[in-house]
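The values are calculated or read from the model by the stated rules, or taken from the named source; none is laboratory data. Values in this document were obtained by computation on a predicted structure and should not be read as measured data. Every residue, glycine as well, gets a Cβ built from its backbone with ideal geometry; the counts of neighbours run over all protein chains shown.
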Amino acid sequence: MEHIRTTKVEQVKLLDRFSTNNKSLTGTLYLTATHLLFIDSGQKETWILHHHIAAVEKLALTTSGCPLVIQCKNFRIVHFIVPRERDCHDIYNSLLQLSRPVRYDELYAFSYNPKQKESEQVKGWQLIDLAEEYKRMGVPNTNWQLSDANRDYKVCETYPRDLYVPRIASKPIIVGSSKFRSKGRFPVLSYYHKDKEAAICRCSQPLSGFSARCLEDEHMLQAISKANPANRYMYVMDTRPKLNAMANRAAGKGYENEDNYSNIRFQFVGIENIHVMRSSLQKLLEVSGIRGLSVNDFLSGLENSGWLRHIKAVLDAAVVLAKAIVVENASVLVHCSDGWDRTSQVCSLGALLLDSYYRTIKGFMVLIEKDWISFGHKFSDRCCQLDGDPKEISPVFTQFLECVWNLTEQFPQAFEYNEAFLLQIHEHVHSCQFGNFLGNCQKEREELKLREKTYSLWPFLLDEQKKYLNPLYNPDFSRKLTLLEPNTVSLNFKFWRNMYHQFDRTMHPRQSVYNLIMDMNEQNKQLERDMKELEAKIKVRNKQQNAVLTKEPLQSVHPTLKTQCFKKDQPLLPGNDAIRTIEGSNTADNRYSEYMEEFSKAEPAVVSLEYGVARMTC
Amino acid sequence: MLSKAAGGRPAKPSFVSYVSPEEIHIREPAGKEVNPYLLPGELLLCEASTVFKYVQEDGSNRGTYGKLVCTNFKVAFLGYESASDDNEPQFKNKVIGESDITLHCIDQIYGVYDEKKKSLYGQLKKYPEKLIIYSKDFRVFHFCLRCTKEEEVKRIVSGIVHHSQTPKLLKRLFLFSYASAAPNSPDAKNRTVMFDTFKDWHEELERTKGNVKYEVVSVNEGYRVSEKLPLYFVVPKSFLKSVTESILVHQGRGIPIWCWSCHNGAALLKMSAFPKEQDDSALQMPKLLDGIYKTIHAPPYEVLKMDDLSSSLPSLQDIQTAYTRFKQLFLIDNSIHFWDTDVKWFSLLESTNWLEIIRRCLKKSVEVVEQLERQTTNVLLIEENASDLCCVISSLVQVMMDSYCRTKFGFQSLIQKEWVIGGHSFLDRCNHLRKSDKEEAPVFLLFLDCVWQLVQQYPPAFEFTETYLTVLSDSLYIPIFSTFFFNSQHQKDTIVSGESHNAQSSPFRLLTVWDWSVQFEPKAQALLNNPLYAEKPKPDKSQRKTTRFKHHRQLSLPLTQTKSSPKRGFFREETDHLIKNILGKRISKLINSSEELHSNFREFYDSWHCKPVDFHGLLLPHIEGPEIKVWTQRYLRWIPEAQLLGGGTVAIATKFLDVMEEVQKLQKQMDEEHSQTAPEDADAVPTLRNSARLSSLFPFALLQRHSLKPVLPTSTWKDLEDEEDLAKRDDEFVELSGAD
């Protein structure tokens, strides 16, 4: 509160960054403890969470006022013009402070209160149970067991307490191996493929330098390959480019020497590091932010940014991983430098390709909880939750979501969730509104007592899962454990407009085909219900009449059906229930609902289509 | 009778060989003679046996032996082993088989001599051991001739090169021999308006309510005025009275021809400009034209704005160059070639400039729409012959503004009106006769690609699917349809009357491409229709009244209409510009300062995009760079490396079809229940097609096995990248704690 000097500024203009006309919206800007709120003359509200603010900039004074540009982590860019420079300066300073909290307890999650009972809060946190998930995969079993080596975070601080390792890997081997791995992140199980009995394991780079060896580590890898009865060879995938790995050798780190390990096949995959990714996204955003972008500028910008090439590289690695397991029955050990960025990407995507469970809403939550949260992807550093080193920021998780989105685009029928689900998760990774993504590792989260002090995101998403359902989802698309084979040819990778332009109205198609199908589905369900109802009525009548059924009653029934289905038009439109409950009292970042509200008002086309369907069905 | 084409359908590659062709002991298929299926009027010109056709050049040498034939219609490959009929493709062309290429569809022919690829043309001295044919619908055929007798190689290679590459006489087009040999089929009733009669034009005027200010004229009967102009066309009502006959001397140049009228009365017109060398008549022209334009500027006509397309859009030359480069990206010789292009895909795409040309056409069309719709001005498109970019822009404007043009018949009528009758030189632009490369330009394909952009941005707004557009683009090269094989209506009429005079028999009837049953069975035709399209709801009567009322009001008060005086001064000035322009002295940005135009346009564009879409109303495309996409179905359909098993847009489309089928089934059930004929257990599950595992190449290519693919494709592009210095890579090393 001490940072806020001005709470309300009137006559502020909001400019659209893509339309050249100067029809700006005028309204009032409010600054609250958690949000920046703009209410325009049409009473439309724009909420911006302080934690979402990535950068605030004050531009040179113009005749109409002082421009203030705010860049958000969810790729929203707002351009205000504040009439008085003094107000602008106050807001600017306040936002600078507010958007960079120093301590965890300043984060929104600690003050956010969705008015839930304590028992619900506890239940919410219990929704995703990783022990349950490992059981679903089929571990522990004869080859894999739960290790208590890291019970007290003694072996590795950034790993979770519960780790699964080969049964024959004794504790001394584990400890020895962890000493030979960067940050103590020794090889552990990430995913177990029940049918092939092969495993995805993950770790960090070995401290091999130019020649160092570690017998325990060699044993550890041997144990992993022995845990796979089908194939005694295993792959070791170093997800870094070879040059980077070689550079690391000089610092006493590096990669496995194939000669020292029995039965391994070593392979580099060539995904670039976090700094390359950060600047690549920066370049992409610069290009996509140009007004009236020509095709050629876009294509050359896209090529120069390299962003889609990086996305492709990540997905390629996941495909190689998944194929090694399905085609060759081989276990794979994945690592990068510290094993929390590229490794998380590749392991989770590989599992997503292998196991259709992760293509369901609940399964995707489990996947994120397992490969990202529990294995210590540094969400706090990468998303800049606290004021910290800007070089630690990198869109690694965004990249993962984009890979998943590309898969959903390639296989429209394979995923239970839709784009909105991915966007919502992305939103909350940065919002710091829920406890799930706070901090860098499990140990830190326990110290922060997140489970008592904050809420879990997942139950909220599940409650409104209707919004996140993919209407084209076909559960029979792939039977359990069949491999999803994406095509990673460059031309199959698309620019993710709905991510990078999610707040730029003019850039959006306003009526997606998906909405149409959703409507049709709803309509069909309603009609089925009506039919059942009517059938029941007919039966009752038949009984009453207790005689031969004449044609008369049926004919009288038919018209009623017709009128009924037309009446159903209203409640079936999407987004009429647009006010989101997830935010509790406020409706910050109501991105998707905004569109829905706006565009569901008068949609003759939808109605006409419904007429068409209704006519056909009646 | 065409449906029997299946008999001659070349075999699918069922004979798979893993050894190189030479190693195979070829058994002469003595007992088994394969004969090509010939269409009426089709003649076998030459043939070669034991030709080896590769399944796809991926280095695996898989393929089949068969006979390669060349007729006056097509080049066809007939496999010795006939394919079993159980994997009959769902979507089959009745005229063109899977391994048939019509002579007009052949794009490039290459011969391979000692592993070197050379283009084949003219007289050949040496005959290649391998023949590669690129077709205009993006198929690539590889034939190995090593096992073929030398005599036959000579004959077939020179035959194919000769019949597909050398100039041809118009009368030698296959269409004439087909038409005279084919039994006269009863004229199928087609709802497509052909625009070859007075009545068609008149009805179009009435439909668009343009009949108030415009009229159909028949001055060109017998092509007295111009051979470029159609028999009947529409001009402003007072126009012909006001001009002297002298205007008619100029071959129809300078006549503003009506294309379409907007609901608010504003009209889209086109006009061919005078050639630039017309200096002798230049002196009297201004006076003449001044008179003409005074009449069409004055009320009741709206203010006229003109747009010289030659200055605001890329030239035909640019379009041709761009397309030549663009199509080369999709004519893939082998997998290695494919992976090479994949590495720098986006910059290759950029370097072709094709997508940018599409964007510029769409943008121009939106600008014209803005002038018609919001400013209520008449727009006059000017081009040298008014039959190339004029057709693109005017058709696109109509597709965007007139929902009738988004129905199948409406779209076909539009193509008849603007392109076929409108005088687009299909023969020259497609270079069907191989006469001159200079005239070649894929203008019609450009238009189809623009429409595709609209279709993929607003699928529910169109009655047809992208498959329809793809099939239509293929039909451009099938010479049994007359639609795309003439330069003008005049050319067609003269040659047809000449031919039937010679034949002395009943006048033969040329087929039009719009009769889709010639090419496809009804089941396949279903893929051309968009299941998501809903017909325009009938407007309320009250609504209709109001629009009519508006119209009447405009009518009744034409003279008092408030076109304020400054504007009059404005258009006077404009007339001067126009005249200069017509005289060929190019004036750069005319009329509005470009700045103003631009912001007007932007405002209109932005405000439209802020409102919900009415699929039966005005439709504006997104024209930001990222929104212009590659028409994957057309360009990538034969490339196995690009396929997605069980994925792609096809997955969505087939899902729709499934849902629609289900709906229809339910309806049938209800009907039956209603009429009480159905038994009680009517809860049969609808039989859904297995859409889950269709390839994204459906319905064109068959499901292919997985293509060989480098284990780690990433490494290939790595090598091509500039080697960054190690210092930069070291940042990983420097920042060990940070970099993961």
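For this structure, a couple of remarks:
- Selection within region A:288-311: residues that are among the β-branched types (Val, Ile, Thr) and either within 30 Å of residue A:241 (Cα to Cα) or within 7 Å of another protein chain (Cβ to nearest Cβ) (or both). The member of this set that is surrounded by the fewest Cβ atoms within 10 Å (Cβ to Cβ) is A:311.
- Where helices (runs of 4 or more DSSP H) sit wholly within region A:204-292, those with at least 3 residues that are modelled with pLDDT of 95 or more and within 26 Å of the chain's Cα centre (by Cα) occupy A:274-288.
- Residue, farthest from residue A:346 (Cα to Cα), within region A:233-275, restricted to residues that are of a type in the set (Val, Ile, Thr) and more than 9 Å from chain B (Cβ to nearest Cβ): A:264
- Any hit, region A:90-109, residues being among the hydrophobic types (A, V, I, L, M, F, W, C) and within 16 Å of residue A:457 (Cβ to Cβ): yes
- Matching residues, region A:226-244, being crowded, with 21+ Cβ neighbours inside 10 Å and of a type in the set (A, V, I, L, M, F, W, C): A:227, A:234, A:236, A:237
- Qualifying residue in region A:330-337 (condition: at the interface with another protein chain (Cβ under 7 Å from one of its Cβ atoms), over 22 Å from residue A:491 (Cα atoms) and either in contact (Cβ under 8 Å) with a residue 40 or more places away in the chain or touching a Ser or Thr at 6+ places or on another chain (Cβ under 9 Å) (or both)): yes
- From the options A:17, A:84, residue that is outside the structural domain of residue A:289 (by the TED database), out of contact with any Asp or Glu (no Cβ under 9 Å at 6 or more places or on another chain) and of a type in the set (D, E, K, R): A:84
- Verdict on residue A:173 being away from chain B (no Cβ under 14 Å) and outside any helix (DSSP H, G or I): no
- Subset of region A:383-400 (residues that are part of a helix (DSSP H, G or I) and modelled with pLDDT of 95 or more): A:396, A:397, A:398, A:399, A:400
- Criterion: under 30 Å from residue B:235 (Cβ atoms) and not aliphatic (A, V, I, L, M) - qualifying residue of B:464, B:447: B:447
- With respect to the conditions (1) touching a residue at least 60 places away in the same chain (Cβ under 8 Å); (2) touching a strand residue (DSSP E or B) at 6+ places or on another chain (Cβ under 9 Å), residue B:455 lacks only one, and its number is (1).
- Any hit, region A:106-125, residues being under 21 Å from residue A:49 (Cβ atoms), without any contact (Cβ under 8 Å) to a residue 60 or more places away in the chain and among the acidic types (Asp, Glu): yes
- Those residues of region B:258-277 which are assigned to a strand (DSSP E or B) and either at pLDDT 90 or above or over 27 Å from the mean Cα position of the chain (by Cα) (or both), in sequence order: B:258, B:259, B:260, B:261, B:267, B:268, B:269, B:270
- Residue within region A:359-373 that is more than 14 Å from every other protein chain (Cβ to nearest Cβ) and outside any helix (DSSP H, G or I) present: yes
- In region A:300-335, the residues that are farther than 30 Å from residue B:351 by Cβ and in a helix (DSSP H, G or I): A:318, A:320, A:321, A:322, A:323, A:324, A:325, A:326, A:327, A:328
- Pairs where the first residue, in region B:611-624, is closer than 15 Å to residue B:366 by Cβ and at the interface with chain A (Cβ under 7 Å from one of its Cβ atoms) and the second is basic (Lys, Arg) and part of a loop (DSSP other than H, G, I, E, B), C-beta under 9 Å, 6+ apart: B:613/A:510; B:624/A:291
- From A:133, A:157, residue being part of a helix (DSSP H, G or I), surrounded by 12 or more Cβ atoms within 10 Å (Cβ to Cβ) and in contact (Cβ under 8 Å) with a residue 60 or more places away in the chain: A:133
- Residue match in region A:148-157 (condition: among the polar types (S, T, N, Q) and either more than 23 Å from the chain's Cα centre (by Cα) or farther than 30 Å from residue A:245 by Cβ (or both)): yes
- Among the helices (runs of 4 or more DSSP H) confined to region A:48-129, the ones with at least 2 residues that are small (Gly, Ala, Ser) and farther than 17 Å from residue A:387 by Cβ are located at A:118-126.
- The residues of region B:474-495 that are among the polar types (S, T, N, Q) and either assigned to a loop (DSSP other than H, G, I, E, B) or surrounded by fewer than 22 Cβ atoms within 10 Å (Cβ to Cβ) (or both), listed by number, are B:475, B:482, B:483, B:487, B:488, B:491, B:494.
- Each residue in region A:401-428 was checked for being of a type in the set (Val, Ile, Thr) and at pLDDT 95 or above, and 2 pass.
- Meets criteria (surrounded by fewer than 21 Cβ atoms within 10 Å (Cβ to Cβ), aliphatic (A, V, I, L, M), away from chain B (no Cβ under 11 Å) and under 23 Å from residue A:479 (Cα atoms)) for residue A:326: yes
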